[in-house]
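Notes follow the structure.
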Amino acid sequence: MQTSDDSSSENDENTIPAPEPVVPQGVDVIEHHLKTLPSKPGVYRMLGEAGKVLYVGKAKNLKKRVASYTKPDRQSVRIRRMVAQTRSMEFVTTHTEAEALLLESNLIKKLAPRYNILLRDDKSFPEILLTSAHGFPRVLKHRGAHKEKGEYFGPFASVWAVNETLTVLQRAFLLRTCTDNVFANRTRPCLLYQIKRCSGPCVEGKIDQGDYNQLVEEARQFLRGKSQDIQKRLAGQMQTASDDMEYEKAAEYRDRIRALTRIQQHQDINPGSVQEADVVALHEKNGLNCVQVFFFRGGRNFGNRAYFPTQAKGEDAPQVLEAFLGQFYAAHRPPREVLLSHTILNTELVADALAVRAERKVKLSRPTRGDRAALVSHAKDNARDALARRSAEYATQEKMLEDIAGLFDLDHPPQRIEVYDNSHVSGTNAVGAMVVAGPEGFRKNAYRKFNIRGASNAEAGSDGFSPGDDYAMMREVLTRRFKRALKDVEDNDGQRGADWPDLLLIDGGRGQLGIALEVLDTLEIEGVTVAGVAKGPDRNAGREQIYLPGQAPKQLHERDPVLYFIQRLRDEAHRFAIGTHRGRRSKAQTHSKLDDIPSIGAKRKKALLHHFGSAKAVEEAGLVDLEAVEGISTSIAKQIYDWFHPDA
């Protein structure tokens with residue numbers, strides 16, 4: 001690839017507000033770049049003030065595509081606004097248009113430009129992994145990169161669906177789920193063997209490797225959609241065992257058949273003609289869009305998930321669907337077939353790009369009859385219902401925000417509410433948490449956690465902290481948050497962006513409110529309403545008091561919907577803070593002082609611990625003792641000794 005950069009902003013993911021400069025200024029910028037643009041495939045980026053990325057697009061012919069922006073009167077309002085804000089452009093040429101499409105999708109997910117149609121929810125999906133690195137393979141739930149050797153089956157739309165399938169695999173095929181370490185150290189079968197959910201390969205004499213591998217192969221066939229064949233084979237084996245009067249063995253086959261039947265009964269749609277496909281259907285109403293994705297693997301329904309692309313108002317359905325496909329499959333492996341509710345403009349191009357990502361052919365189609373059309377119709381119905389629910393939630397949320405504006409004397413319903421809370425145990429592993437809510441509900445991608453630096457331990461006097469000083473912790477969190485916000489404002493020519501809050505809710509009473517006001521006053525920040533939310537006298541829900549500057553505490557009726565809303569906000573901040581604190585505390589409990597020493601990896605760490613018994617003993621060891629450890633050279637021993645005795 002060849003690149004041509006006029007400014008360096010590729011890693012800046014912030015968006016900017018929408019000032020309205022004169023349109024011709026942006027057109028002039030575009031016309032200037034046209035003079036040197038090649039007629040090749042590639043990707044272009046529109047850049048605004050301070051190099052903020054406004055838009056990322058792909059083109060079969062860069063010169064022709066970019067030239068279309070010089071006639072903004074033929075474009076939509078959104079594109080005209082984007083052109084007006086354009087101050088520079090960046091370009092990357094590619095060998096093919098499919099390569100350009102892949103690069104465009106990756107950049108959109110990375111940079112989240114303001115004027116692109118965006119897919120916000122890009123979580124990975126859970127899968128089932130059947131390992132292959134061990135003589136007795138195990139089956140387990142997996143999420144993330146495919147680093148471990150074995151076969152991966154999925155994706156499943158939810159963890160619940162994975163757990164249900166794993167339960168069936170245990171009951172029907174008796175495969176182990178324990179780790180290799182547990183497997184190697186067992187001397188007798190575990191409880192799963194006793195309740196007939198494992199064949200007990202960890203103990204000699206329970207099942208040989210050949211019979212176990214037969215179970216593994218049956219499980220593999222089941223996950224590939226051949227459950228009917230397996231069920232018939234098990235029925236034959238059950239009958240044979242019964243004829244031979246081996247009734248206990250026949251009962252085992254019966255239980256395995258029942259497990260297989262159970263999951264087949266849970267299939268809402270089970271089209272035998274569709275073995276591996278995603279069904280992607282879109283429904284639009286009043287400017288809102290919902291994309292419903294159903295996953296079919298091995299002829300079975302693995303669940304579905306709804307997505308709500310943003311910044312898609314005014315765009316037609318095929319364009320929204322095409323943008324969705326690019327971003328969705330930038331994070332997930334495409335199946336062999338994708339069934340669509342609308343015919344997209346660049347069907348062949350998108351199919352080629354997905355084939356590159358999947359490393360095999362991918363078919364895109366819009367079926368009009370048969371099983372496939374029925375699946376698409378079902379997905380469209382689900383998209384319509386999901387959008388109706390989302391619209392109803394939006395209406396309720398908007399009404400609640402209007403009531404919040406009335407309670408806190410805001411000029412307009414808040415578009416961004418930030419809620420802050422701290423969590424620690426006597427000052428140790430202290431963390432601060434910020435959760436964000438707006439018209440669309442909780443915005444989890446905007447949540448932030450703060451590892452509080454001044455209270456990282458319980459020692460009094462550390463950076464002015466005393467153990468459990470909540471006020472000092474809140475001061476640090478808010479100072480760091482708004483110093484960063486002020487820097488963003490400075491980079492944006494003094495204009496506050498969409499990530500600037502309208503309302504701050506602090507978990508605490510008058511004291512915490514005073515700290516927040518002090519921070520904002522020190523940083524000379526105005527125009528942000530701040531309130532404290534404190535529990536009642538007995539710390540019970542329903543008697544919360546709301547503190548505002550210069551006012552007596554307010555107490556809402558315990559059944560007031562606004563109070564419920566405030567409680568939800570506070571409880572979400574509390575949940576996020578406690579979860580973050582527990583994660584940090586858990587990590588600290590497994591952290592060793594040896595982990596901090598340069599050049600000490602897992603192997604040397606293990607040798608040191610085996611020799612001395614503990615990290616504390618290593619710290620107290622002399623230089624000669626360190627040199628006696630196998631694998632520790634004289635220079636490494638000196639390095640370890642100097643690390644623990646810097647003044648020696």
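The values are calculated or read from the model by the stated rules, or taken from the named source; none is laboratory data. Just so it is clear, the model here is predicted, and its values are computed rather than measured. Cβ atoms come from the backbone with ideal geometry, glycine included; neighbour counts cover every protein chain shown.
Values computed for the structure shown
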| read-out | value |
| --- | --- |
| Total residues in the range 65-99, condition in contact (Cβ under 8 Å) with a residue 60 or more places away in the chain and in a helix (DSSP H, G or I) | 9 |
| Extreme residue, modelled with the lowest pLDDT, among residues of the range 428-466 that are closer than 21 Å to residue 413 by Cβ and assigned to a strand (DSSP E or B) | 441 |
| From the options 490, 572, residue that is out of contact with any Lys or Arg (no Cβ under 9 Å at 6 or more places or on another chain), under 22 Å from residue 446 (Cβ atoms) and modelled with pLDDT of 90 or more | 572 |
| Helices (runs of 4 or more DSSP H) enclosed by the range 582-648 - at least 3 residues per element that are surrounded by fewer than 11 Cβ atoms within 10 Å (Cβ to Cβ) | 602-612 |
| Condition met for residue 141 (under 24 Å from the mean Cα position of the chain (by Cα), more than 30 Å from residue 51 (Cα to Cα) and surrounded by fewer than 17 Cβ atoms within 10 Å (Cβ to Cβ)) | yes |
| From 354, 345, residue being part of a loop (DSSP other than H, G, I, E, B), under 18 Å from residue 104 (Cα atoms) and over 21 Å from the mean Cα position of the chain (by Cα) | 345 |
| Test result for residue 204, acidic (Asp, Glu) and touching a residue at least 12 places away in the same chain (Cβ under 8 Å) | no |
| Residue ID - farthest from residue 161 (Cα to Cα), chosen from residues in the range 314-332 that are out of contact with any helix residue (DSSP H, G or I) (no Cβ under 7 Å at 6 or more places or on another chain) and without any contact (Cβ under 8 Å) to a residue 60 or more places away in the chain | 316 |
| Within the range 297-339, tally of residues that are part of a strand (DSSP E or B) and more than 22 Å from the chain's Cα centre (by Cα) | 6 |
| Search result, residues across the range 512-531 that are buried (at least 18 other Cβ atoms within 10 Å of the Cβ) and hydroxyl-bearing (Ser, Thr, Tyr) | 529 |
| The range 226-247: number of residues that are aliphatic (A, V, I, L, M) and either over 49 Å from the mean Cα position of the chain (by Cα) or more than 29 Å from residue 296 (Cβ to Cβ) (or both) | 3 |
| Looking only at the range 356-371, and only at residues there that are at pLDDT 90 or above and under 18 Å from residue 275 (Cβ atoms), the one that is surrounded by the fewest Cβ atoms within 10 Å (Cβ to Cβ) | 361 |
| Residue in the range 595-616 that is β-branched (Val, Ile, Thr), modelled with pLDDT under 85 and over 28 Å from residue 407 (Cβ atoms) present | yes |
| Residue 605 vs. criteria within 21 Å of residue 432 (Cβ to Cβ) and not assigned by TED's automatic domain parsing to the domain that holds residue 426 | no |
| Close pairs from the range 157-175: first under 15 Å from residue 301 (Cα atoms), partner assigned to a loop (DSSP other than H, G, I, E, B), Cβ under 6 Å, at least 6 apart | 159/126; 162/126; 162/156 |
| Residue match in the range 511-531 (condition: part of a loop (DSSP other than H, G, I, E, B) and modelled with pLDDT under 85) | no |
| Candidates 217, 204 - the one that is of a type in the set (D, E, K, R) and not in a helix (DSSP H, G or I) | 204 |
| Boolean, residue 566 is in a helix (DSSP H, G or I), of a type in the set (Val, Ile, Thr) and in contact (Cβ under 8 Å) with a residue 40 or more places away in the chain | yes |
| Total residues in the range 105-153, condition in the same structural domain as residue 171 (by TED's automatic domain parsing), within 28 Å of residue 440 (Cα to Cα) and assigned to a strand (DSSP E or B) | 0 |
| Residues of the range 220-253 classified as of a type in the set (Lys, Arg) and either outside any helix (DSSP H, G or I) or farther than 25 Å from residue 136 by Cβ (or both), total | 3 |
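Listed here are the residues, each with its yes/no results for (1) in the same structural domain as residue 346 (by TED's automatic domain parsing); (2) under 25 Å from residue 325 (Cα atoms); (3) of a type in the set (Phe, Trp, Tyr); (4) out of contact with any strand residue (DSSP E or B) (no Cβ under 9 Å at 6 or more places or on another chain).
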residue	(1), (2), (3), (4)
53	no, yes, no, no
58	no, yes, no, no
67	no, no, no, yes
79	no, yes, no, no
82	no, yes, no, no
87	no, no, no, no
93	no, yes, no, no
101	no, yes, no, no
